[in-house]
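Okay, structure first, notes after.
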Amino acid sequence: MGETEKDLIYSEGVKAGKRIYYFDVKQSRNGDKYIAITESKKINEGTVDNPRFVFEKHKLFLYKEDYEKFVDALNRTLNVATGKVSAEEQRAALAQAENETAKDESAVETAAESGESISDEKLEKKSFLDKVKDIF
């Protein structure tokens, strides 16, 4: 499918030196929206006397089912990068949240195998990301 103007719903660019980051909201043929993140870098392939500039582009496509996970991972990464949380603290929090999620899933499987009914309260599991947020 070639890109057309009708595919593009919204676009925002962020200039950063020789790079520009584009955040585009696009719509697929079936009507689903997705995000395309493009890094465009200006490169001089010519000479001083005869400059010839080209743009090297790298794209990342992000689909709706991954938005929350992507944003949460980016926020955790930014927290480490800006010093709000140490890398060790972040790793420990992730390991603890993963362990709790595994325990919850195991309890549900065990109850289901034994024919036990599970209360709605037990079924209402926190997401992995909510558990990490609770720790901080």
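The values are calculated or read from the model by the stated rules, or taken from the named source; none is laboratory data. Fair warning: this is a prediction, and the values are worked out from it, not measured in the lab. No Cβ is skipped: glycine too gets one built from the backbone with ideal geometry, and neighbour counts run over all protein chains shown.
The conditions of being out of contact with any strand residue (DSSP E or B) (no Cβ under 9 Å at 6 or more places or on another chain) and modelled with pLDDT of 95 or more are met by Val80.
I'd like to check something: does the stretch 118-130 contain any residue that is under 30 Å from Glu39 (Cα atoms) and modelled with pLDDT of 80 or more? So far as the stretch 118-130 goes, no, none of its residues is under 30 Å from Glu39 (Cα atoms) and modelled with pLDDT of 80 or more.
Can Asp66 be described as surrounded by 13 or more Cβ atoms within 10 Å (Cβ to Cβ), in contact (Cβ under 8 Å) with a residue 12 or more places away in the chain and not in a strand (DSSP E or B)? It is false that Asp66 is surrounded by 13 or more Cβ atoms within 10 Å (Cβ to Cβ), in contact (Cβ under 8 Å) with a residue 12 or more places away in the chain and not in a strand (DSSP E or B). Might you let me know whether the stretch 87-108 holds any residue that is out of contact with any Gly (no Cβ under 9 Å at 6 or more places or on another chain) and in a strand (DSSP E or B)? No.
Considering the stretch 33-63, the residues that are exposed (fewer than 11 other Cβ atoms within 10 Å of the Cβ) and charged (D, E, K, R) include one that is farthest from Gly17 (Cα to Cα), namely Asp49.
Checked against the criterion of being exposed (fewer than 10 other Cβ atoms within 10 Å of the Cβ), at pLDDT 75 or above and either in the same structural domain as Ile37 (by TED's automatic domain parsing) or not basic (Lys, Arg) (or both), the candidates Glu100, Glu88 yield just one match: Glu88.
The single condition among (1) in contact with a strand residue (DSSP E or B) (Cβ under 7 Å, 6 or more places away or on another chain); (2) in a loop (DSSP other than H, G, I, E, B); (3) in contact (Cβ under 8 Å) with a residue 24 or more places away in the chain that Arg29 does not meet is (1). Does Ile37 count as β-branched (Val, Ile, Thr) and closer than 18 Å to Val14 by Cβ? Considered against the rule, which asks whether it is β-branched (Val, Ile, Thr) and closer than 18 Å to Val14 by Cβ, Ile37 comes out as yes.
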